[in-house]
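Structure, as structure tokens:
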Amino acid sequence: MSLTAEKRAVETGDAVTIAEGLSERIGAGAARADAEDRFVAENYGLLKDAGLVEAGVPAELGGGGAEVRELAGMLRVLGRACGSTALAFSMHTHQVAIPAWRWRHQKIAAVEPLLRRVAAERIVLLSSGGSDWIAGSGTAVRVEGGYRVSGRKVFTSGAEAGDLLMTGAVLEEGGERFVLHFGAPMKAKEVRVEDTWHTLGMRGTGSHDVVIDGLFVPEAGVALKRKAGEWHPLFQIIATTAFPLVYAAYLGVADRAREIALGLARKRAMTPDLRSLVGRMETELRGAEIAHGAMLAAVERNAPSADSVNEVMMAKTLVADHAIRAVELAMELAGGAGFYRAAGLERCFRDIQGARYHPMQKGAQAQYAGALALGEPVATVF
């Protein structure tokens with residue numbers, strides 16, 4: 001895409017077109033980031049400059065106005081170029097999409113300042129993922145005017161580029177446990193990033209631990225207080241909205257594996273067995289696409305609930321299973337050539353494994369689906 005075309009895409013707010021225009025530059029450093037366990041900082045600079053940081057902010061608040069389907073398309077395109085960039089950026093993207101949904105559909109005025117900051121200042125939001133799932137983590141102690149919080153937040157993708165960590169801490173009060181949700185400024189002296197992300201795949205996400213040590217959070221800075229270990233309506237919004245975005249990144253990784261494998265296969269003498277491998281790979285990838293479409297459909301019903309969580313989580317399991325299998329078949333199709341790092345296929349194979357680990361993982365997801373089918377409560381199934 002020419003600079004003129006890219007500028008036109010930014011002005012029209014087409015996040016997918018912008019991502020396509022960035023793909024070559026986004027992909028250029030992917031192999032090096034993987035080889036060196038190095039965060040894809042340069043790519044975040046490109047995303048900021050292109051206006052994708054604010055893509056999901058409603059237009060009336062200064063953003064691009066993209067909703068979940070468009071944002072998912074953007075992340076899938078980025079995933080083809082660099083899985084690490086797409087996955088890390090999906091964490092920021094869903095942290096914008098959630099308050100944007102609440103602004104559009106619940107008219108929650110409290111989210112407006114954050115969304116305007118994202119649009120005006122292009123701040124990057126971080127998610128600590130599994131650390132702040134339903135049970136919560138960390139500790140909060142009530143002090144005058146607010147709380148003193150501490151904790152270790154793992155899997156904080158994009159930690160080095162983040163401005164605000166959307167996180168929580170557990171408060172024990174009156175014999176009960178509550179989770180307080182708040183934003184932790186990454187530049188606060190009580191917040192630090194520890195270099196812990198040395199992994200099988202998605203090596204460029206920079207998903208290091210973030211350690212919070214005695215950060216003061218004023219009472220007014222607490223966005224939500226909920227009972228620990230139980231689903232809350234806000235988490236139904238989070239689960240319904242976030243995972244179609246996160247798993248779009250993995251679809252992009254599978255797309256790239258397919259592309260590489262087909263290129264290598266065309267250099268080989270075609271046989272019935274090879275042709276069958278191509279067909280099986282295509283079928284698995286289509287299965288992942290269909291399941292992801294079900295995730296998007298659940299979002300677009302705009303009715304977050306236990307049922308929408310179930311629909312998204314069942315489809316998430318299917319996306320992961322089919323995408324992982326598609327990449328495995330791509331490796332088989334490519335033959336020995338795919339085993340070399342230079343081909344880029346083995347990186348896809350390693351990166352796609354991350355799809356196994358986001359909540360709810362298979363066991364919890366199956367329990368949740370089973371409980372709903374049986375008419376049993378799911379408030380504590382996660």
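From the list Pro113, Pro99, the lone residue that is without any contact (Cβ under 8 Å) to a residue 60 or more places away in the chain, closer than 16 Å to Phe235 by Cα and either in the same structural domain as Arg38 (by TED's automatic domain parsing) or assigned to a helix (DSSP H, G or I) (or both) is Pro99.
Among the candidates Gly287, Gly293, Gly354, Gly336, the residue that is crowded, with 18+ Cβ neighbours inside 10 Å and not hydrophobic (A, V, I, L, M, F, W, C) is uniquely Gly354.
Residues checked against (1) over 21 Å from Gly206 (Cβ atoms); (2) surrounded by fewer than 24 Cβ atoms within 10 Å (Cβ to Cβ); (3) at pLDDT below 95; (4) not assigned by TED's automatic domain parsing to the domain that holds Arg104:
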{"residue": "Asn43", "(1), (2), (3), (4)": "no, no, no, no"}
{"residue": "Lys48", "(1), (2), (3), (4)": "no, yes, no, no"}
{"residue": "Gly51", "(1), (2), (3), (4)": "yes, yes, no, no"}
{"residue": "Glu70", "(1), (2), (3), (4)": "yes, yes, no, no"}
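Could you go through region 146-163 and let me know if any residue there is part of a helix (DSSP H, G or I), over 14 Å from Val211 (Cα atoms) and more than 14 Å from the chain's Cα centre (by Cα).
Keep residues of region 146-163 that are part of a helix (DSSP H, G or I), which gives 159-161.
Keeping just the survivors that are over 14 Å from Val211 (Cα atoms) gives 161.
Filter once more, keeping what is more than 14 Å from the chain's Cα centre (by Cα): 161.
Yes, some residue in region 146-163 is part of a helix (DSSP H, G or I), over 14 Å from Val211 (Cα atoms) and more than 14 Å from the chain's Cα centre (by Cα).
For the condition under 22 Å from Ala355 (Cβ atoms), acidic (Asp, Glu) and surrounded by fewer than 24 Cβ atoms within 10 Å (Cβ to Cβ), Asp14 does not qualify.
Output the residue which, of all residues in region 357-380 that are more than 26 Å from Gly252 (Cα to Cα) and in contact (Cβ under 8 Å) with a residue 24 or more places away in the chain, is surrounded by the most Cβ atoms within 10 Å (Cβ to Cβ). Spell out how you get there, then give the answer.
The first filter runs over region 357-380 and keeps only residues more than 26 Å from Gly252 (Cα to Cα), leaving 367-380.
Narrowing further to those that are in contact (Cβ under 8 Å) with a residue 24 or more places away in the chain: 368-369, 372, 378-380.
Values: Tyr368: 21, Ala369: 19, Leu372: 17, Val378: 18, Ala379: 13, Thr380: 11.
Across region 357-380, the extreme among qualifying residues is Tyr368.
Among the residues of region 53-96, the one identified as part of a loop (DSSP other than H, G, I, E, B) and under 22 Å from Asp34 (Cβ atoms) is Cys82.
Out of curiosity, is Gly229 within 25 Å of the chain's Cα centre (by Cα) and without any contact (Cβ under 8 Å) to a residue 24 or more places away in the chain? The answer is no for Gly229.
Scan region 102-148 residue by residue and report those that are more than 30 Å from Arg356 (Cβ to Cβ) and in contact with a Phe, Trp or Tyr (Cβ under 9 Å, 6 or more places away or on another chain). Ala109, Val111, Glu112, Leu115, Ala140, Val141, Val143, Gly145, Gly146, Tyr147, Arg148, listed by residue number. Which residue is modelled with the lowest pLDDT, if the candidates are limited to region 172-201 and must be assigned to a loop (DSSP other than H, G, I, E, B) and under 18 Å from Val143 (Cβ atoms)? Among those that are assigned to a loop (DSSP other than H, G, I, E, B) and under 18 Å from Val143 (Cβ atoms), it is Gly174.
In this structure, is Leu126 within 19 Å of Thr205 (Cα to Cα), at pLDDT 95 or above and outside any helix (DSSP H, G or I)? Outline the logic, then answer.
Values: within 19 Å of Thr205 (Cα to Cα): yes; at pLDDT 95 or above: yes; outside any helix (DSSP H, G or I): yes.
It is true that Leu126 is within 19 Å of Thr205 (Cα to Cα), at pLDDT 95 or above and outside any helix (DSSP H, G or I).
Could you go through region 137-148 and let me know if any residue there is surrounded by fewer than 24 Cβ atoms within 10 Å (Cβ to Cβ), farther than 17 Å from Ala223 by Cα and of a type outside the set (A, V, I, L, M). Yes, some residue in region 137-148 is surrounded by fewer than 24 Cβ atoms within 10 Å (Cβ to Cβ), farther than 17 Å from Ala223 by Cα and of a type outside the set (A, V, I, L, M).
Closer than 29 Å to Gly45 by Cβ, touching a helix residue (DSSP H, G or I) at 6+ places or on another chain (Cβ under 6 Å) and either loosely packed, with under 15 Cβ neighbours inside 10 Å or not assigned by TED's automatic domain parsing to the domain that holds Arg356 (or both): which single residue out of Ala188, Ala161 fits that description? Show your work before the answer.
On the way: Ala188 fails: touching a helix residue (DSSP H, G or I) at 6+ places or on another chain (Cβ under 6 Å).
Exactly one of Ala188, Ala161 is closer than 29 Å to Gly45 by Cβ, touching a helix residue (DSSP H, G or I) at 6+ places or on another chain (Cβ under 6 Å) and either loosely packed, with under 15 Cβ neighbours inside 10 Å or not assigned by TED's automatic domain parsing to the domain that holds Arg356 (or both), namely Ala161.
The values are calculated or read from the model by the stated rules, or taken from the named source; none is laboratory data. None of the values given here were measured: they were computed from a predicted structure. So basically every Cβ, Gly included, is an ideal-geometry build from the backbone, and we count neighbours across all protein chains shown.
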